[in-house]
Every structure is written in structure tokens, then in C-alpha cells.
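Notes to accompany the following structure.
The values are calculated or read from the model by the stated rules, or taken from the named source; none is laboratory data. Because the structure is a prediction, the values reported are computed rather than measured. Side chains included, ligands, DNA and RNA excluded: accessible areas come from the protein's heavy atoms. Shrake-Rupley method; radii C 1.70, N 1.55, O 1.52, S 1.80 Å.
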Amino acid sequence: QVQLVESGGGLVQPGGSLRLSCAASGSIFSFNAMGWYRQAPGKQRVLVAVITSGGSTNYADSVKGRFTISGDNAKNTVYLQMNSLKPEDTAVYYCNSVRGIFNYWGQGTQVTVSS
């Protein structure tokens, strides 16, 4: 059973920064990819950023240049550094991992960008 535990969400003013963490219950090398999704109220869950086991990254157009995804293999943790936050970044952020045909999800962490 894979467990993903997110942390680091909270309330931040526009222009501020937050770093989300996703701790996995095993080596992140064992996953084909890990990523962050977000879901705003009344909207579908969408991909924000993904990192593959080979280190390749991809980002949603809306966050390119502002968000950075990275992994720490020693800590089995994936991070999402979010800078220059905007009110439209407000959402519940979910960690996701893919291993073969299986998808795993964390419980989500709320990010609110508001003055």
C-alpha cells in the first residue's frame, strides 16, 4: 500500500511563496512519475507539475516560471516550490504517484492566496 502525505499548504498573500511537500511510503525511484494536481471549488482536478523517475519535468502553462517541482530521493519526498502566487492559484493541491498501471493520491492540502 502506497501512502502519500502532503504538507505545507496555508494562507499566503498574492506575490508570496509556499513550498508543498509530499512524503511517500517508499523510494520515489520506484514510481514512474510523481506530480502535483490541484482542484479549485467547482472545477475539475488538473495537473500542475510532474517529475519522472528520470528527472524530466513538465508544467501547466499557468504555472511555468513560477512553480518548480523537485525530488529528494534520500527523504522519499517530492516538493512543489510555488513563487509569485496569485489568487487563481487557490485550490486543494494533491500529490499523485504512478507505478505501472496504478495511480496513488494523497489527501490534499489547501492553498489559499488572498490579501
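Please grab the % of Cα pairs in the chain that end up more than 23 Å from each other. Pairs farther apart than 23 Å: 22 percent. Once the chain from Arg45 to Thr57 is taken as fully extended at 0.36 nm per residue, the excess over their C-alpha distance is 2.4 nm. For the chain, the share of accessible area belonging to carbon and sulfur comes to 49 percent (1.4 Å probe, ligands and nucleic acids excluded). Extension gain, Ser70 to Ser115: 0.36 nm times the residue separation minus the Cα-Cα distance gives 13.4 nm. Once C-alpha pairs closer than 8 Å and six or more residues apart are averaged by separation and normalised to the residue number of the chain, the relative contact order reads 37 percent. Between Asn83 and Gln3, full extension at 0.36 nm per residue minus the direct alpha carbon distance yields a gain of 26.1 nm.
Rg over Rh for the range 4-64 works out to 0.98, using Cα positions for both radii and the Kirkwood form for Rh.
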